[in-house]
Amino acid sequence: SSIERAEEESKRLDDITAQKRDLEVAAATLRRTIDKLNDTSRQRFVKTFEQVRDNFAGLIPRLFGGGKGTLELLAPANPLESGVDVVVRPPGKKLNSIELMSGGEKALCAIGLIFSMFLVRPSPLCVLDEGDAPLDEANVVRYLSLIKEFSARTQFLMITHNKNSMAACGSLV
């Protein structure tokens, strides 16, 4: 009968309406959770990035024997999607793009970046494969000094052909 059919359809409509309401509440909760996670991730990233940037600014003069270095977000308004620009001015040189630097200068920048992150979050083990290969003698000395300082917290496994680096190691294998 039509009355029974109308009652069935009305009940079905109530069930679908309740399901729709539940899905809307779940979707809103999910959006709030995603927003909260993004905010927390953004805050943590910016805080960590600032610490790494400050460490990098302190390590570059030590590694280069002077000069300046900084890290800049390419899109500071959207840090989670941004790239990072490494800006270094070795002593006695103009501010250079990293692409215009020598192999040794690039290696020192990479070492500075790695160690800047280690200062924020140390690791118990670090493997360095020919990190000193492009470095001249003066830079090798500064590089080894930094490794020695960090050795209090981190065990370094160095793969190297540099005699000075081998002489500075605690053991050779």
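General observations
- Sites matching GluC sites (Glu not before Pro) across the range 1-86 that sit in DSSP coil, with at most 13 neighbouring C-beta atoms within 10 Å: E81
- Hz values of 3J(HN,Hα) by residue in the range 19-34 - Karplus curve (6.51, -1.76, 1.60), Gly and Pro given as x: 4, 4, 4, 4, 5, 5, 5, 5, 5, 5, 5, 5, 4, 5, 5, 4
- Karplus-derived 3J(HN,Hα), 6.51/-1.76/1.60, for each residue of the range 126-143, Hz, glycine and proline x: 9, 9, 10, 9, 6, x, 9, 4, x, 8, 7, 4, 4, 6, 4, 4, 5, 4
- Compared with the alpha-carbon gap, the fully stretched path from Q51 to S123 is longer by 24.3 nm at 0.36 nm per residue.
- Rounded to 5, percent antiparallel among DSSP beta bridges of the chain: 60 percent
- Based on Cα contacts under 8 Å between residues 6+ apart, the range 61-169 shows a relative contact order of 23 percent.
- For G69, residues with placed amide H under 5 Å, excluding near neighbours: R89
- Annotation for the range 87-173: GluC sites (Glu not before Pro) lying in DSSP loop with at most 14 further Cβ atoms inside 10 Å of their Cβ are E130.
- The range 58-135: trypsin sites (Lys or Arg not before Pro) in DSSP loop, at most 15 other beta carbons within 10 Å: K93, K94
- Taking Cα Rg over 2.2 N^0.38 Å as calculated from this structure, the corresponding entry among [x] 1.06; [y] 1.77; [z] 1.92 is [y].
- For the chain, the number of Lys pairs separated by eight or more positions or lying on different chains, with C-alpha atoms closer than 23 Å, is 12.
- A crude spin-label estimate for the pair E149 and A110, with each label 7 Å from Cα along the Cβ direction, gives 2.1 nm.
- For the chain, the per residue solvent-accessible surface stands at 67 Å², with DNA, RNA and ligands left out and a 1.4 Å probe.
- Shown for the range 1-97: the carbon plus sulfur share of the solvent-accessible area, taken with all protein chains present and a 1.4 angstrom probe, equals 54%.
- Net charge of Cβ neighbours under 10 Å - reference M158; Lys, Arg +1; Asp, Glu -1: -3
The values are calculated or read from the model by the stated rules, or taken from the named source; none is laboratory data. Being a predicted model, the structure only gives us computed values, none of them experimental. Glycine gets a Cβ as well: all are built from the backbone with ideal geometry, and neighbour counts include every protein chain shown. Note: areas computed on protein heavy atoms with side chains; ligands, DNA, RNA excluded. Shrake-Rupley method; radii C 1.70, N 1.55, O 1.52, S 1.80 Å.
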